[in-house]
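Scroll down for the structure; my scribbles are underneath it.
The values are calculated or read from the model by the stated rules, or taken from the named source; none is laboratory data. Remember, it's a predicted structure, so these values are computed and weren't measured experimentally. Every residue, glycine among them, receives a Cβ derived from its backbone with ideal geometry; neighbour counts consider all protein chains shown. These accessible areas exclude ligands, DNA and RNA; they are computed on the full protein's heavy atoms, side chains included. Shrake-Rupley method; radii C 1.70, N 1.55, O 1.52, S 1.80 Å.
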Amino acid sequence: MVLFDSHCHLQDPRLASLLPEALRAASLSGIRHWMTNGTRETDWPAVATLAQTFPGIRPSFGLHPWFQKERSPEWLSALTQRLLQFPSAGIGETGLDRWMPLYDLEDQQSVLFEHLQLAHQLQRPLSVHCLRAWNELQSFFRKNPPPPRGFLLHSYAAPPEMTPFWIRAGAYFSLSPAQLAPNKSRQRAAFSLIPLDRLLIETDAPDMPPPASLNRHPLLSPDSTPLNHPLHLHLCLQALASDRHLPPEQLAEILLQNALRLFGPELQTPPA
């Protein structure tokens, strides 16, 4: 059984000293692919280095809404160069966010549009973040054609009635460990509406840990901050397999093929 973590942030400095052992344990459990998403220009080099160092780590480069105000005037050129350097890289994490303080939705839409244009031009998959902005994101994709390679709605949490729109738009949908909490039951129910060939799983590690009752792999940063362990990807597989009444091994193969369809086969990364 081989698993693909469709969205995580293994370049996060909180994981630096813990990452080799965490990846070794995850690999031994069958997790062999990690789509590692950059969030700002300053962490793109770390994403690139990980992809060149650890087999199975795949890079994705983008500007997260939380950090877009930090971007340089040359950010788009720098992003394009990163993507050209890594032919198998995805684009993102990018998106819309009305949960953050002092959000500027117009600026977020402008940045998202530039990411989308690159996804079209370079034929790359797009990883999309959305918090409390689902109506705005839907309006954006009504006006702008989605990328031909497809796009991921990570930690999918839109109102269930919106799910048919996203299916028609060509989206893939990933479940994260935090969505297994009892108060997230409505979010999890939306996954029952999604065709099997559009399902994915993710950890969003080191963030989005599972509820305490399911936290089988406690992980602490050097300053004792609780972190989400990459091994918690198995919780998402087990939850979806239970919901779909499928053996975990059968669903794992379906999810792997879905991820390879969206993100592409593994290509050789440039040397460090």
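Give, as residue ranges, the helices (runs of 4 or more DSSP H) completely inside the stretch 89-178 that count at least 3 residues that are modelled with pLDDT of 95 or more and buried (at least 17 other Cβ atoms within 10 Å of the Cβ).
Values: elements: 105-122, 134-143, 163-169.
In the stretch 89-178, the matching helices (runs of 4 or more DSSP H) lie at 105-122, 134-143.
With the condition kept exactly as written, say whether any residue in the stretch 52-63 is part of a loop (DSSP other than H, G, I, E, B), among the β-branched types (Val, Ile, Thr) and surrounded by 18 or more Cβ atoms within 10 Å (Cβ to Cβ).
So the first thing to find is which residues in the stretch 52-63 are part of a loop (DSSP other than H, G, I, E, B), and the list is 54-56, 62-63.
Retained after the next criterion (residues that are among the β-branched types (Val, Ile, Thr)): none.
No: the stretch 52-63 contains no residue that is part of a loop (DSSP other than H, G, I, E, B), among the β-branched types (Val, Ile, Thr) and surrounded by 18 or more Cβ atoms within 10 Å (Cβ to Cβ).
Hey, can you tell me all the residues within the stretch 1-22 that are farther than 22 Å from Arg82 by Cα, in contact with a Ser or Thr (Cβ under 6 Å, 6 or more places away or on another chain) and open to solvent by less than 20 Å² (accessible area, probe 1.4 Å)?
Of everything in the stretch 1-22, nothing turns out to be farther than 22 Å from Arg82 by Cα, in contact with a Ser or Thr (Cβ under 6 Å, 6 or more places away or on another chain) and open to solvent by less than 20 Å² (accessible area, probe 1.4 Å).
Taking the condition of being surrounded by 21 or more Cβ atoms within 10 Å (Cβ to Cβ) and outside any helix (DSSP H, G or I), how many residues in the stretch 179-192 meet it?
Residues in the stretch 179-192 being surrounded by 21 or more Cβ atoms within 10 Å (Cβ to Cβ) and outside any helix (DSSP H, G or I): 0 in total.
Working only within the stretch 1-22, note down all residues that are hydrophobic (A, V, I, L, M, F, W, C), touching a strand residue (DSSP E or B) at 6+ places or on another chain (Cβ under 8 Å) and not in a helix (DSSP H, G or I). Before you say what the answer is, go through the steps one by one.
Going through the stretch 1-22, the residues hydrophobic (A, V, I, L, M, F, W, C) turn out to be 1-4, 8, 10, 15-16, 18-19, 22.
Restricting the remaining residues to those that are touching a strand residue (DSSP E or B) at 6+ places or on another chain (Cβ under 8 Å) gives 2-4, 8, 10, 15, 18, 22.
Result: Val2, Leu3, Phe4, Cys8, Leu10, Leu18.
So Leu76 clears everything in (1) surrounded by 14 or more Cβ atoms within 10 Å (Cβ to Cβ); (2) of a type outside the set (Asp, Glu); (3) out of contact with any helix residue (DSSP H, G or I) (no Cβ under 9 Å at 6 or more places or on another chain) except one condition, right? Which one?
It is condition (3) that Leu76 fails.
Determine whether Trp75 is aromatic (Phe, Trp, Tyr), out of contact with any Phe, Trp or Tyr (no Cβ under 6 Å at 6 or more places or on another chain) and at pLDDT 95 or above.
Details: aromatic (Phe, Trp, Tyr): yes; out of contact with any Phe, Trp or Tyr (no Cβ under 6 Å at 6 or more places or on another chain): yes; at pLDDT 95 or above: yes.
Spelling it out, Trp75 is indeed aromatic (Phe, Trp, Tyr), out of contact with any Phe, Trp or Tyr (no Cβ under 6 Å at 6 or more places or on another chain) and at pLDDT 95 or above.
Per-residue answers, yes or no, for (1) open to solvent by 10 Å² or more (accessible area, probe 1.4 Å); (2) modelled with pLDDT under 95; (3) not in a strand (DSSP E or B):
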| site | (1), (2), (3) |
| --- | --- |
| Arg24 | yes, no, yes |
| Ser27 | yes, no, yes |
| Arg32 | yes, no, no |
| Trp44 | no, no, yes |
| Val47 | no, no, yes |
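Just wondering, is there one or more residues in the stretch 191-213 that are touching a Ser or Thr at 6+ places or on another chain (Cβ under 8 Å) and free of Cβ contacts under 8 Å to residues at least 40 places away in the same chain?
Yes, the stretch 191-213 contains a residue that is touching a Ser or Thr at 6+ places or on another chain (Cβ under 8 Å) and free of Cβ contacts under 8 Å to residues at least 40 places away in the same chain.
Can you tell me which condition Glu253 does not meet? The list is (1) surrounded by 16 or more Cβ atoms within 10 Å (Cβ to Cβ); (2) under 24 Å from Gly90 (Cα atoms), and all the others hold.
Of everything listed in (1) surrounded by 16 or more Cβ atoms within 10 Å (Cβ to Cβ); (2) under 24 Å from Gly90 (Cα atoms), Glu253 misses just condition (1).
If only one of Arg216, Arg186 is over 20 Å from Pro248 (Cα atoms) and at pLDDT below 95, which one is it? Full working, then the answer.
Numbers: Arg216 fails: over 20 Å from Pro248 (Cα atoms).
On inspection, the qualifying residue turns out to be Arg186.
Kindly indicate whether Arg216 is basic (Lys, Arg), over 24 Å from Glu93 (Cβ atoms) and open to solvent by 20 Å² or more (accessible area, probe 1.4 Å). It would help to see each step written out before you state the result.
Working: basic (Lys, Arg): yes; over 24 Å from Glu93 (Cβ atoms): yes; open to solvent by 20 Å² or more (accessible area, probe 1.4 Å): yes.
Taking the combined requirement at face value, the residue satisfies it.
Of all residues in the stretch 249-268, which are within 17 Å of the chain's Cα centre (by Cα) and either in a helix (DSSP H, G or I) or of a type in the set (Phe, Trp, Tyr) (or both)?
Leu255, Leu256, Gln257, Asn258, Ala259, Leu260, Arg261, Leu262, Phe263
Against the conditions (1) of a type in the set (Ser, Thr, Tyr); (2) surrounded by fewer than 16 Cβ atoms within 10 Å (Cβ to Cβ); (3) not in a loop (DSSP other than H, G, I, E, B), where does Ser224 fall short? Just the number, please.
Checking Ser224 against (1) of a type in the set (Ser, Thr, Tyr); (2) surrounded by fewer than 16 Cβ atoms within 10 Å (Cβ to Cβ); (3) not in a loop (DSSP other than H, G, I, E, B), the one that fails is (3).
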